[in-house]
Amino acid sequence: MFQIVIVGSGFYGIALANRLQKLNANITLIANSERTIFLPSTIRLPFNKDASRVEVLVKDVLNSNVELIVDQVLNIDEERIELKSNHSIAYDRLVIATGAEWDDPICPDKFLQYGIETYANELSAKIEKARNIVIVGGGIVGVEVAGEIAYHCPKKTVTLIHSRDKILNGEVIEKARDSVQSQLLNLGVKLILGKKAEIKGDSVSIDGSQIPCDHLIKATGPRANPPPSSIKGLLNEQREIVISATFQTVSTPKIYAIGDVTNYPERGLVSRHSWLATICHNLQEDVNGTSNYRSIKWHKRNFKANVGISVGPEGGAGQIVLPFGICINAPKFLIVKSKSATLFCGRFKSLYSYY
């Protein structure tokens, strides 16, 4: 029977496996851990320390018809996947959904390596001990981390350094950026904008002047996390998997990739439904031996999408994209209700089992 293997047990890997189990094919999911973490919820973990709010066993959200293998990938070639257990798996089609690497405090490898509660307690202790906390990077993650710390630890000095003249980046409209900036200032966050931080170890300086820092958090963005592979041309210089608009890799069309491991400019889960529908359709075409593939629209960097940004559990801002590309400011209460108040805790499990 046709064999489809998925490498990666984040949101896209699991949700895709659950959808594909309807196909007339064997579906195998390779996970590097028995557990999976919903990263958007982890920024509040150092304060609530409740692992059940961000973590779930893969088997508990994976359809029973999907074969689950918990192992480490040592190499992928055009025919097989070599595993640390000395086993190898042949595939007819492969999907890579291994996501991205992040620095603290949302580092998935450390969560899985040390245990989520141990790692959360470690992060919490660092924050509690520090008097001056510096966050470098004013994108969405940097802003949300700053908001969490400033909200839960109002006596700490929190400094956020961003290389642009205004907080956040071009994918967020001006009104939302202004609202986030105002809310951070109201929480007591010190903003240093339009300056590039110089980092040496745990010390931070701006234009040669030292910034008081007991605890440094780097929020300068994710890095693609591809599995080891001997396939030439699979990655670009940023180590992103190079895909086409059909989710097929340019180097080897029988290999697909989805999510933050790819060079596709849109990130996150905003377009998850259309992405999953497209890749599932294309894999169905492969199973059928046909090639009526669908494509996603290839966006430019900093394109506008629906987005919500939390600023602590009681704050937030965002934008809503209307037909014809019109983008409007989202009311604060809507962002708080839909995201900031819970950071999706209690709701994320249903995202994995969407099929």
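Modelled label positions at residue 196 and residue 210, each set 7 Å beyond Cα in the direction of Cβ, lie 2.3 nm from each other.
The residue among 185, 206, 58 whose Cα reaches farthest toward the positive pole of the charge dipole of the chain, with charges on the beta-carbon of Lys, Arg, Asp and Glu, is 185.
Once the C-beta distance of residue 77 and residue 186 is scaled by a Förster radius of 51 Å, the resulting FRET efficiency is 0.40 to the nearest 0.05. Projected over every direction and averaged, the convex hull enclosing the alpha-carbon atoms of the chain yields 17.9 nm².
Between 184, 322, 112, the GNM of the chain built on Cα springs shorter than 10 angstrom shows 322 fluctuating the most.
Taking a quarter of the surface of the Cα convex hull of the range 3-118 gives a mean projected area of 7.3 nm². Legend: translational diffusion of the range 201-355 by Stokes-Einstein, Rh = Kirkwood radius over C-alpha pairs, 25 °C, 0.890 mPa s; D = 130 µm²/s.
Taking Cα atoms, how many degrees apart are the long axis of helix 174-186 and the longest axis of the chain, rounded to 10 and kept between 0 and 90? Approximately 50 degrees, to the nearest ten.
Quick one: Debye curve from the C-alpha atoms of the range 272-343, no solvent, what's log10 I(q)/I(0) at q = 0.20, 0.29 Å⁻¹? Computed log10 I(q)/I(0) values: -0.86, -1.15. First check a/c for the range 154-210, with a ≥ b ≥ c the square roots of the eigenvalues of its C-alpha gyration tensor; if it is under 1.5, answer rounded, and if not, answer prolate when a/b is larger than b/c or oblate otherwise. Oblate. Bridgeable lysines around residue 195 (alpha carbons under 21 Å apart, same-chain partners fewer than 8 residues away excluded): 166, 218.
Computed about the Cα centre, the dipole magnitude for the range 178-312 is approximately 220 debye when only Lys and Arg (+1) and Asp and Glu (-1) carry charge, each at its Cβ. Computed from Cα atoms, the angle from the helix 11-20 axis to the main principal axis of the chain rounds to 30 degrees. Report D for the range 200-280 in µm² per second (integer): Stokes-Einstein, Kirkwood Rh on Cα pairs, 10 °C, 1.306 mPa s. Answer from the Stokes-Einstein relation: 104 µm²/s.
In terms of surrounding Cβ atoms within a 10 Å radius of their Cβ, 240, 79 rank from fewest to most as 79, 240. Across the options 306, 173, 296, the greatest Cα extent toward the positive end of the charge dipole of the chain (unit charges at beta carbon of Lys, Arg, Asp, Glu) belongs to 173. Looking at the chain alone, DSSP beta bridges between its own residues are antiparallel in about 50 percent of cases.
Simple point charges give the picture: +1 on the Cβ of Lys and Arg, -1 on the Cβ of Asp and Glu, and for the chain a dipole about the Cα centre of about 1020 debye.
Every read-out reported here was derived from the displayed coordinates using simple, explicitly stated rules and does not represent laboratory data. These figures come from a predicted structure and were not determined experimentally. Counting neighbours? That spans all protein chains shown, and the Cβs are built from the backbone with ideal geometry, glycine included.
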